[in-house]
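A.B. asks: Below you'll find the structure I mean.
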Amino acid sequence: GSFAARIVTWQRSHGRHDLPWQNTRDAYRIWLSEIMLQQTQVTTVLPYYERFLSRFPDVASLAAANEDDVLALWAGLGYYSRARNLHRTAQQVMTQHRGRFPADVDALAAMPGVGRSTAAAIAAFAYDVIAPILDGNVKRVLSRHAAIDGFPGTAAVEKQLWRIAGDRLPAQPADIVAYTQGLMDLGATVCARAEPRCNACPVAADCAARAQGRTAELPTARPAKTLPLRHQRYLLLRH
């Protein structure tokens, strides 16, 4: 089967299904989890997500909140601009979208702190919109599977990965949730940064990095910064 079909089949039997933000179509809950997961591990996010939802169960309650209360609930998760953006986005959803998250990826991506990949994930999970995601885990999976050289943080490599991500999407809206979740799950649990479990991977058969014996070196690491050389003269006055 196609790359997408194998990911979908694998996700349905081997992927993660019991995370609290799964099995819901509530765009608010999905968006909240995606923002929390942007730079934080799942295990860390879980208790924060539950506490946040019990305090702000919907977008209206979050939009009406005091920013200090939002930041207090965020304390310990780090990257505090995410919490401020979260608050601002909730207010925008109320004022500009009548309290409902739009299904349009571009409209979602324009919201504070959302961005293209997170927008596609929200649209896929909440509304079955077929759009590519490209978070850190997915960059690793695609960099390896297509053997893409170069640090994924550079514009040229990222552009190449976006094209690949777009080319590999499933054709049916019914598959996009499992596909999107499957790519995330694969990167998080199988195609790990160190010691990927290739024998458990549904797309290992045609993985270029595996065929070339290059899983350890792909994706290409961030290039080391060259340290500037400085010449200085000092005058020491002693009296």
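The values are calculated or read from the model by the stated rules, or taken from the named source; none is laboratory data. These figures come from a predicted structure and were not determined experimentally. For neighbour counting, all protein chains shown are included, and Cβ atoms are generated from backbone atoms with ideal geometry for every residue, glycine included. Note: accessible area is taken over every heavy atom of the protein model, side chains too, but ligands, DNA and RNA are not part of it. Shrake-Rupley method; radii C 1.70, N 1.55, O 1.52, S 1.80 Å.
A.B. asks: When Rg is the radius of gyration of the Cα atoms in region 36-77 and Rh is its Kirkwood radius, what does Rg/Rh come to?
C.D. replies: Value, to two decimals: 0.97.
A.B. asks: In Å and from the alpha-carbon atoms only, list the Rg and Dmax of region 1-134.
C.D. replies: Computed over the Cα atoms of region 1-134, radius of gyration and Dmax are 15.0, 51 Å.
A.B. asks: Now for a separate question. How large is ³J(HN,Hα) for each residue in region 128-141, as worked out from phi by the Karplus curve 6.51 cos²θ - 1.76 cosθ + 1.60 (θ = phi - 60°), to whole Hz, x for Gly and Pro?
C.D. replies: 6, 6, 8, 8, x, 10, 8, 8, x, 5, 5, 4, 5, 4
A.B. asks: Given region 2-44, what whole percent of its Cα pairs are spread farther than 14 Å?
C.D. replies: Numbers: 547 of 903 pairs.
Counting pairs separated by more than 14 Å, the tail of P(r) holds 61 percent.
A.B. asks: Taking 2.2 N^0.38 Å as the expected size of a compact globular protein, what ratio does the Cα radius of gyration of region 74-173 give against it, to two decimals?
C.D. replies: Working: Rg = 15.4 Å, N = 100, 2.2 N^0.38 = 12.7 Å.
Ratio of Rg to 2.2 N^0.38 Å for region 74-173: 1.21.
A.B. asks: Let me ask something else. In whole percent, what relative contact order does region 83-239 give with Cα contacts below 8 Å and a gap of six or more residues?
C.D. replies: Values: 180 pairs, mean separation 34.0, N = 157.
Relative contact order here is 22 percent.
A.B. asks: Is the C-alpha gyration tensor of the chain telling us rounded, prolate or oblate? Criteria: a/c under 1.5 is rounded; beyond that, a/b larger than b/c is prolate, otherwise oblate. Don't jump to the answer; show the numbers that get you there.
C.D. replies: Numbers: a/c = 1.96, a/b = 1.05, b/c = 1.87.
Since a/c reaches 1.5 but b/c is at least a/b, the shape of the chain is classed as oblate.
A.B. asks: So between Ala155 and Asp69, what do we pick up on full extension, going 0.36 nm a residue minus the alpha carbon distance? Mind showing how you got there, number by number?
C.D. replies: Values: separation 86, 0.36 × 86 = 30.96 nm, distance 3.71 nm.
The Ala155-Asp69 span can extend by a further 27.3 nm.
A.B. asks: Let me ask something else. Carbon and sulfur: what percent of region 1-64's accessible surface (1.4 Å probe)?
C.D. replies: So the carbon and sulfur contribution to the accessible surface is 50 percent.
A.B. asks: Dividing the Cα convex hull volume of region 1-72 by residue count, how many Å³ per residue is that? Can you show the working numbers first?
C.D. replies: Numbers: hull volume 8.0 nm³, N = 72.
Output value, Cα hull per residue: 112 Å³.
A.B. asks: Which whole-Hz ³J(HN,Hα) couplings does region 8-23 yield from phi under the Karplus relation 6.51 cos²θ - 1.76 cosθ + 1.60, θ = phi - 60°, glycine and proline marked x?
C.D. replies: These are the phi-based 3J(HN,Hα) values: 4, 4, 4, 4, 5, 10, 10, x, 8, 10, 10, 6, x, 9, 8, 6 Hz.
A.B. asks: Here is a follow-up. Which translational diffusion coefficient, to the nearest whole µm²/s, is obtained for region 159-239 from the Stokes-Einstein equation, given a Kirkwood hydrodynamic radius over C-alpha pairs, 10 °C and 1.306 mPa s?
C.D. replies: The Stokes-Einstein estimate is 95 µm²/s.
A.B. asks: Also, I was wondering about something else. Using the beta-carbon distance between Thr189 and Arg100 and R0 = 35 Å, what value does 1/(1 + (r/R0)^6) give for FRET efficiency, to the nearest 0.05? It would help to have the intermediate numbers written out before the result.
C.D. replies: Values: r = 33 Å, r/R0 = 0.94.
After rounding, the FRET efficiency stands at 0.60.
A.B. asks: Just subtract the alpha-carbon distance of Asp128 and His239 from 0.36 nm times their residue separation and send over the number in nm, one decimal.
C.D. replies: Numbers: separation 111, 0.36 × 111 = 39.96 nm, distance 7.81 nm.
Residue separation times 0.36 nm, minus the Cα-Cα distance, leaves 32.1 nm.
A.B. asks: Which FRET efficiency, nearest 0.05, do Ala5 and Ala200 yield, Cβ-Cβ r, R0 22 Å? Intermediate results must be reported in sequence, preceding the final value.
C.D. replies: On the way: r = 18 Å, r/R0 = 0.80.
My answer for the efficiency is 0.80.
A.B. asks: Stretched out fully, how many nm does the piece from Ala174 to Ala221 gain, at 0.36 nm a residue minus the Cα gap? All intermediate terms of the calculation are to be shown ahead of the outcome.
C.D. replies: Values: separation 47, 0.36 × 47 = 16.92 nm, distance 3.56 nm.
So the extension gain works out to 13.4 nm.
A.B. asks: Output ³J(HN,Hα) for region 102-111: one whole-Hz value per residue in order, computed from phi by the Karplus curve 6.51 cos²θ - 1.76 cosθ + 1.60 with θ = phi - 60°, and x for Gly and Pro.
C.D. replies: Karplus values, whole Hz, x for Gly and Pro: x, 8, 7, 4, 5, 5, 5, 5, 7, 6.
A.B. asks: Across 5 Å bins from 0, what is the distribution of all Cα-Cα pair distances for region 129-203, in whole percents?
C.D. replies: 3, 16, 27, 25, 19, 8, 2
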